[in-house]
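The values are calculated or read from the model by the stated rules, or taken from the named source; none is laboratory data. The structure presented is a predicted model; accordingly, all values stated were derived computationally and were not measured. Don't worry about glycine lacking a Cβ; one is built from the backbone with ideal geometry, like all the others, and counts go over all protein chains shown. Calculation scope for accessible area: heavy atoms of the full protein, side chains included, ligands and nucleic acids excluded. Shrake-Rupley method; radii C 1.70, N 1.55, O 1.52, S 1.80 Å.
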Amino acid sequence: MSDGRGPGCDGVVVAAVQDAAARGGLLAGDRIVELNGVTPQDVLDVEDAAADGTMWLRVLRDGHPLDLVIAPHRGEWHGISLDRGGLGDEPRVCRNRCRFCFVDQVPKGLRPGLSVKDDDYRLSFLHGNFMTLTNLSEADLQRIEELRLSPLFVSLHAWDDAARVRLMGRAAAGSRGALERLAAAGLELHLQVVLCPGWNDGEVLAETVERTSELESVVDLGVVPVSLAVQGDLRRVTAEDARAVLAAVEDWQRDFRERKGDAFVHAADEFYLLAGEEPPAGDAPEQYENGVGICAALEAEAAALAEAWGAGGSGSTPPGGRGEDASDEAAIPQRPAPGVTGVRLLTGTLARPVVDRTATLLESAAGVPVRAFAVGNDLFGPHVTVTGLLGGTEVLSALRRDPLAAGEWLAAPRVWLPEDLGRTLDDVAEDEIRAACGGRLVVAESLGAVFARLSR
């Protein structure tokens, strides 16, 4: 079936349908040329129309027009998935020349999608991706304001224009103005600064924190350390740098709590680990995916599991669980089943102290050995130390060096092996890793989901 795409052909193409869309007769491959009287340009128009309830569509199917009505039940998703990764339009790409761009550090030979530099306000709104505001037209800004797209996630890196341009290139000269405009429109904003020692720390960072805190709709700002496979103009964050950043952040937090009632600025867990300190619990949920509070949430969930097992009970929900496996953790699972002789928790090298403490908490009540399985990064290099950027190849090598014992399981975080891809960053399939584990692999969003699987 033709998708109707061609020169001068407007609208959006349907990739898949379910629920209300399927009941309404919509098919994959249909091109929606009119939606509630308007020609849709992307997924935002579909979601905006869905907010009104009943959706009136005119579609082209094999070149022929057809009128359809989609009427979702109360609280039901409309069921329309668009092509082009769900956007229904080509993703906006980055115009910057960031000195620290991690995409530029992706090794050659990996799947092409890893080298796409998306910088799209729609992905920021829909999925929480950080954008830089440097590729927005006046029409884009007006659309964001008219649709009230909120929350949005913005990588600013420096309030000072000159400092920002030195780091990101000339395209970033106007991004602060765009930020101030969106803030004036009352849109909820969450900011990120990638800290590069000698470039945007010290007084530059202090100005960034203070000036962004003055924008009422900026809710919080997360500071993360630059990640460099190879040093050049930029250098990696040292333990001394990390301690300096933490001292400044903690001072600012005390001040903001007095003035604003919340901490506002947050250092990613990596800074604490680099400084040899224990990361604190996070109180900025929208900065969680930015690495704020992840370690404390992991340990809190382990403590809740251990407490429940020690008490011989179950039924409450452990803190810290997130994501698609939430249904598996509606109640604290039982201890591992009798056939489970041990559990290894996959981690990168930086978080090993945290995972060691987590394993100790779990082992004390689980009734089986639990230990960290720390693997160095061969894909990007040993200085890239987070679990999510491990390649499958180095995990397979580590398993060959130290195979699982009979009945021992490997538990890995879903961020390392996304379910929709079923492959690691270096294209090692989940089935290959599972085979290397003798079938004893569980990949999940949380400890609760891990032990729900192991208790069966």
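Rolling a 1.4 Å probe over the protein heavy atoms leaves TRP77 with an accessible area of roughly 100 Å². Over the Cα atoms of the range 1-150, the radius of gyration divided by the Kirkwood radius equals 1.01; this is the Rg/Rh ratio. Mark the label point 7 Å from the Cα of LEU110 along Cα→Cβ and return the residues of the range 376-398 whose backbone N is within less than 13 Å of it. It comes to 377-382, 384-394, nothing else. Here the range 127-203 has 47 percent of its accessible surface on carbon and sulfur atoms, given a 1.4 Å probe and all protein chains in place.
For the range 184-324, a Kirkwood hydrodynamic radius built from all Cα pairs, placed in the Stokes-Einstein relation at 20 °C and 1.002 mPa s, yields a translational diffusion coefficient of 129 µm²/s. Stretching THR341 away from SER150 to a fully extended chain increases their span by 64.0 nm, per 0.36 nm per residue minus the current alpha-carbon distance. For HIS73, the accessible surface of its heavy atoms amounts to roughly 110 Å² (probe 1.4 Å, protein chains only, rounded to the nearest 10).
Counting only protein chains, not ligands or nucleic acids, how are SER446, SER364 ordered by accessible area (probe 1.4 Å), most first?
The ordering from most to least exposed comes out as SER364, SER446.
Among the protein heavy atoms of the range 350-456, carbon and sulfur supply 52% of the accessible surface, probe 1.4 Å, non-protein parts ignored. So what does TYR121 come to for accessible area, using a 1.4 Å probe and Å² rounded to 10? For TYR121, the solvent-accessible surface is approximately 0 Å². Calculated over the chain, the projected area of the Cα convex hull averaged across directions stands at 24.0 nm².
Once the Cα-Cα distance is subtracted from the 0.36 nm per residue extended length, the ARG371 to GLU210 segment shows a gain of 53.7 nm. Between LEU421 and ALA281, the distance separating the two model label sites (each 7 Å from Cα on the Cα→Cβ line) works out to 3.3 nm.
For the chain, the mean residue ellipticity at 222 nm estimated from helices alone is -9500 deg cm²/dmol, where every DSSP H run of n ≥ 4 contributes -39500 (n - 2.57) and the total is divided by all residues, rounded to the nearest 500. Counted as membrane-span-like here are DSSP H helices of the chain whose alpha-carbon atoms extend 24 Å or more along the helix's own axis and whose Kyte-Doolittle mean is -1.0 or above; these are 239-259, 294-311.
Stokes-Einstein diffusion for the range 256-310 at 20 °C, viscosity 1.002 mPa s, with a Kirkwood radius from C-alpha pairs, works out to 174 µm²/s.
Annotation: extensible slack from ALA162 through ASP402 equals 81.3 nm (criterion: 0.36 nm per residue apart, minus Cα-Cα distance).
Put a dot 7 Å past the Cα of CYS101, heading toward its Cβ, do the same for GLU188, and the two dots end up 3.2 nm apart. Per residue, the accessible area of the chain comes to 45 Å² when a 1.4 Å probe rolls over the protein heavy atoms.
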